[in-house]
Amino acid sequence: MDVSRQAEAVQKLRDEQAIILPSLLQCDFGNLQREIHSLEEAGVRGFHLDVMDGHFVPNLTYGMPIVEGVRKLTSLPIDVHLMISEPAKYVRQFADAGADSLTVHAEIEQDTSEVLKMIRQLGVGVGLAINPATSFESVESLLPLCDLLLPMSVNAGFGGQQFNPVALEKLRQARHNFPDLLLEVDGGVNIGTIADCYSAGATLFVVGSAIFGQDDYRQALEGLTAAIGL
């Protein structure tokens with residue numbers, strides 16, 4: 001585990017005014033190397049990986065081997081979102097696999113504050129995600145332990161959902177109360193919703209079909225960037 005690289009990667013996320021993170025869940029895993037190369041050629045500055053365990057959320061995706069595979073293919077920051085019931089068992093393995101930041105959910109049954117402290121000790125970025133039904137106030141005391149807050153704009157673990165604007169108010173609250181916190185948004189982020197997310201304070205935008213559903217990745221990224229006026 002390269003702690004210095006991971007610290008540098010998190011700093012890169014902080015330094016940018018806005019970063020669009022392709023959600024690799026929707027990429028062509030039959031040719032992962034080509035996808036990573038094409039996205040880098042298109043101008044992406046980081047990648048987002050959604051890990052689902054079939055328990056915390058109904059769907060099942062991938063684990064450490066895919067994170068390790070992506071790490072071998074890119075030097076860009078890898079942002080890993082753990083939608084799993086018992087992240088304490090696995091955070092070290094994901095950090096060792098190459099994750100630069102690890103985000104866990106406030107809704108887990110484990111002691112969330114202890115899991116966040118575990119991630120901090122690993123030298124990677126510390127993220128906290130909250131589902132639409134979870135209030136900002138209920139997690140506010142945890143945020144001093146975090147580098148990043150991810151107010152989900154859809155319910156975790158389900159594709160094809162409509163953007164839920166409840167995330168926007170949470171972003172505004174976080175930006176006001178914790179101005180140094182990285183703010184991320186995930187779920188239904190596209191040309192029609194990204195500007196509102198940016199105005200509310202988000203600087204990290206997880207995007208799936210608005211990139212992978214398009215024929216030209218560069219045009220898709222440029223369109224999203226233009227939508228927030230950059």
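Here, each number is a calculation from the coordinates, and none is a lab measurement. Predicted model, so just to flag it, every value in this text is computed and none were measured. Methodologically, a virtual Cβ is constructed for each residue, glycine included, from the backbone with ideal geometry; neighbour enumeration extends over all protein chains shown.
Seen from a random direction on average, the alpha-carbon convex hull of segment 1-90 projects onto 6.4 square nanometres. One Cα centroid belongs to segment 94-112, the other to segment 138-215; the line between them spans 17 Å. Sequentially through segment 44-49, phi angles give Karplus couplings (6.51, -1.76, 1.60; θ = phi - 60°) of 5, 10, x, 10, 10, 10 Hz, Gly and Pro residues having no value and appearing as x. Using R₀ = 35 Å, calculate the FRET efficiency as 1/(1 + (r/R₀)^6) where r is the Cβ-Cβ separation of residue 40 and residue 161; round to 0.05. After rounding, the FRET efficiency stands at 0.80. Mind running the shape call on segment 113-170? Use the C-alpha gyration tensor, a ≥ b ≥ c as the square roots of the eigenvalues: rounded below 1.5 for a/c, prolate if a/b tops b/c, oblate otherwise. Prolate.
Applying the Karplus relation 6.51 cos²θ - 1.76 cosθ + 1.60 with θ = phi - 60° to segment 57-74 yields 3J(HN,Hα) values of 10, x, 7, 10, 10, 9, x, 4, x, 6, 4, 5, x, 5, 4, 5, 9, 8 Hz, where x marks Gly and Pro.
Our summary gives segment 20-107 a relative contact order of 28 percent, counting only alpha carbon pairs under 8 angstrom and 6 or more residues apart.
So what is the diffusion coefficient of the chain in µm² per second by Stokes-Einstein at 25 °C and 0.890 mPa s, using a Kirkwood Rh over Cα pairs?
Approximately 142 µm²/s, per Stokes-Einstein.
The convex hull around the C-alpha trace of segment 117-228, projected and averaged over every direction, spans 7.4 square nanometres. Taking 0.36 nm per residue of separation and subtracting the Cα-Cα distance, full extension of the segment from residue 222 to residue 60 would add 55.2 nm. Remark: spin-label model distance residue 86-residue 230 equals 3.9 nm, labels positioned 7 Å along the Cα→Cβ axis. Computed log10 I(q)/I(0) for segment 69-188 at 0.13, 0.18 Å⁻¹: -0.49, -0.93, from the Debye equation with unit scatterers placed on every C-alpha and solvent omitted.
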